[in-house]
Amino acid sequence: MNDFPVPVVVFSKCLGFAHCRYNGLIVEDTEVERLKPYVRCLPVCPECELGLGVPRDPIRLVGDRERPRLMQPATGMDYTEKMENFAKDFARSLPIIDGFLFKERSPSCGTKGVRCYQNQNGHGTTGLTRGIFAREVLHMNSHLPVEEEGRLRNMKLREHFLTRLFALARLREAVEQGKMRDLVDFHSRHKLMLMAYNQKELRSLGKIVSNREKRSLEEIFPLYVAGFRQALDRLPRLTAHINVLMHALGYFSDRLEKREKAFFLEVLEDYRQEKISLSVGISLIQSWIVRFQQPYLSTQTYFNPFPSDLVKLSDSGKGRNI
């Protein structure tokens, strides 16, 4: 598939949109800049929205990491309730969106790994937690893809995020069409992706679109959306990808030479041992799709989940703890 939807993404505004960090700086990030042309950007700076200004005295999380307070040590001000209320109002005001990309380690926007201090002076920590704004907004938008800019340097996390982002954008467009045939077509094109991510949900979603209970569209669409979002919630296992590629091989097994099949199996074994990336096996399948003009596999988003310009094999190795 060469045509892609335009995902709607909420960004931390400091990620290349405005000089709104506490010190007046802007964060220039390569992965964020590569993504921007392919999405509809909804930037927000929660701290500016509270009227804290730029530059401003830093804020930090203090106390119990499960329910921290958002404090500004220089002034002694407590912004916890104001931030919580703004986050809830912001979440309620959003259009239908497909994901979030937030600033890492931010006491407002960080999604994990934000330091929570014992006191306002920053002496000692009580652990790592989530920023106040991110906590409230994501609570109201569960099962949407969310990442921090630093974690996108890890190839697996980046591709997982992009796969989910564009899949949910396609699903949003199918639902907006409001017709059962569009949902059935969407499900058909995402079967191999679902096979890789969650085979149990693949079967459940198949039952929903088969609609043997004769449910109304008003019932079916929300059920399918919830199930699909949940299906793509976690990274697929390495063995699940191998299973999908072996399934795809079955469409060509009687048309390939023994040497070709043997080479493909060697490629899968190298991938199993993490000597090569998944893209090698996928490229071989794609070459056979073109060679044999296989109609079903040519429609599968698994082989082309997001724009090729966003494909990048570099991997910092950071962000592996999901």
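Can you find even one residue in the range 80-87 that is over 17 Å from Val44 (Cα atoms) and in the same structural domain as Tyr22 (by TED's automatic domain parsing)?
yes
Of everything listed in (1) out of contact with any Phe, Trp or Tyr (no Cβ under 7 Å at 6 or more places or on another chain); (2) touching a residue at least 12 places away in the same chain (Cβ under 8 Å), the single unmet condition for Glu81 is (2). For the range 37-76, a residue qualifies if it is charged (D, E, K, R) and in contact with a Gly (Cβ under 7 Å, 6 or more places away or on another chain), and the qualifying residues are Arg60, Arg65, Arg69.
A quick yes/no check of all residues on (1) in the same structural domain as Tyr79 (by TED's automatic domain parsing); (2) of a type in the set (S, T, N, Q); (3) buried (at least 20 other Cβ atoms within 10 Å of the Cβ):
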{"position": "Gly113", "(1), (2), (3)": "yes, no, no"}
{"position": "Asn119", "(1), (2), (3)": "yes, yes, no"}
{"position": "Gly124", "(1), (2), (3)": "yes, no, no"}
{"position": "Gly131", "(1), (2), (3)": "yes, no, yes"}
{"position": "Leu138", "(1), (2), (3)": "yes, no, no"}
{"position": "Pro145", "(1), (2), (3)": "yes, no, yes"}
{"position": "Glu149", "(1), (2), (3)": "yes, no, yes"}
{"position": "Phe161", "(1), (2), (3)": "no, no, yes"}
{"position": "Leu165", "(1), (2), (3)": "no, no, yes"}
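Against the list (1) out of contact with any Cys (no Cβ under 8 Å at 6 or more places or on another chain); (2) assigned by TED's automatic domain parsing to the domain that holds Arg69; (3) among the aliphatic types (A, V, I, L, M), the condition Val184 fails is (2).
The values are calculated or read from the model by the stated rules, or taken from the named source; none is laboratory data. As the structure is a prediction and not an experimental result, all values here were calculated from the model. Every residue, glycine as well, gets a Cβ built from its backbone with ideal geometry; the counts of neighbours run over all protein chains shown.
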